[in-house]
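Trainee: This is the structure, below, for whatever I ask next.
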Amino acid sequence: MLEAYLPFMWLIIFGNIENLILASQGVVKGVNPKKLAILSIIVVIIWHVLGSVLTEVAMDYANIINIIGGVAILILGIQAIYEAVQNIKVKGGE
């Protein structure tokens, strides 16, 4: 069963990192942590269901999906770091 997900291993790992990045962006913006946690759990469940149902269809496109996902995660990470640095500058380097 797990063999079906091996082509998406890196996307799964970096997807979890992406979730942490988005959560940190929410904290930097001052979002309510409880609402952020609930929304994050809902999105993870939706992705899990979609991934479970569509794995067979997506298998032919695993490399493309991994590249697109990796680029998206990289862009989100850079954006999160940039916004965090800007927020630190505004607050005076606390």
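The values are calculated or read from the model by the stated rules, or taken from the named source; none is laboratory data. Predicted, not measured: the structure shown is a model, and the values here were computed from it. Please note: Cβ atoms are built from the backbone with ideal geometry, for glycine as well, and neighbour counts cover all protein chains shown. Quick note on the areas: whole protein, heavy atoms, side chains included, nothing else; ligands and nucleic acids left out. Shrake-Rupley method; radii C 1.70, N 1.55, O 1.52, S 1.80 Å.
Trainee: Return yes when SER24 is surrounded by 12 or more Cβ atoms within 10 Å (Cβ to Cβ), touching a residue at least 40 places away in the same chain (Cβ under 8 Å), hydroxyl-bearing (Ser, Thr, Tyr) and part of a helix (DSSP H, G or I) and no when it is not.
Mentor: So SER24 fits the description; yes.
Trainee: So LEU36 fits all but one of (1) in a helix (DSSP H, G or I); (2) open to solvent by less than 100 Å² (accessible area, probe 1.4 Å); (3) out of contact with any helix residue (DSSP H, G or I) (no Cβ under 8 Å at 6 or more places or on another chain); (4) not basic (Lys, Arg); what number is the exception?
Mentor: (3)
Trainee: Now, a different point. Restricting to the range 32-59, name every residue that is among the hydrophobic types (A, V, I, L, M, F, W, C) and farther than 30 Å from GLU3 by Cβ.
Mentor: LEU36, ALA37, ILE38, LEU39
Trainee: State which residue is least open to solvent (accessible area, probe 1.4 Å) when the search covers only the range 44-64 and only residues that are closer than 16 Å to ASN16 by Cβ and in contact with a helix residue (DSSP H, G or I) (Cβ under 8 Å, 6 or more places away or on another chain).
Mentor: Out of the qualifying residues, it is GLY51.
Trainee: Would you say ASN87 is polar (S, T, N, Q), modelled with pLDDT of 75 or more, open to solvent by less than 50 Å² (accessible area, probe 1.4 Å) and assigned to a helix (DSSP H, G or I)?
Mentor: yes
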